[in-house]
Every structure is written in structure tokens, then in C-alpha cells.
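Contents: one structure, followed by commentary.
Bear in mind these aren't lab numbers, they're just calculated from the coordinates by the rules spelled out. Note that the structure is predicted; figures quoted are calculated from it, not measured.
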Amino acid sequence: MGLPDAGKPFPEADEASRQSKWNALVKKLISIRFLETYHVLACADGGNICQFEHTVYVTDGGPEILTVE
């Protein structure tokens with residue numbers, strides 16, 4: 001049993017229009033500081049770089065990582 005199909009965002013739009021709407025949405029979220037931008041990481045020798053972050057909730061009983069099960 002899989003996940004229900006959520007469908008495409010902006011289903012009425014063609015690909016160029018959909019991309020334009022996503023770009024506008026991301027710019028708006030950045031402008032209201034809901035999203036933050038980060039510099040692209042580059043390895044000096046041209047190798048691959050990967051980065052991820054966890055969301056942590058600190059409680060009286062200690063930290064709880066919310067982004068991992």
C-alpha cells in the first residue's frame with residue numbers, strides 16, 4: 001500500500017508557468033524569512049559535498065531530534 005497521490009502542485013499550469021510560480025513562492029518565503037538561503041558548498045578538489053540538518057527540540061529531559069524516526 002503506497003501513499004495517496006497528492007497530484008502536481010499548480011495542476012492547471014504548464015511546466016514553464018509552474019516553474020515561475022514555484023520561483024515566486026520561494027522568493028516570497030525567503031523575503032518573509034520563512035526560508036533561509038545558504039551558499040553552495042564547493043569542494044576544493046571538485047569532489048561531491050553533502051549537507052543536511054536536523055530539527056532539534058530541547059526539553060527538560062534532553063534534546064529530541066524531530067527529523068529522524
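Across the stretch 49-61, rounded Karplus estimates of 3J(HN,Hα) from the backbone phi angles (6.51 cos²θ - 1.76 cosθ + 1.60, θ = phi - 60°) give 10, 10, 9, 8, 10, 9, 9, 10, 10, 8, 10, 4, x Hz, Gly and Pro being marked x. Shape class for the stretch 15-65: oblate, because the ratio a/c of the largest to smallest gyration tensor axis (alpha-carbon atoms, square roots of eigenvalues) is 1.5 or more and b/c is at least a/b.
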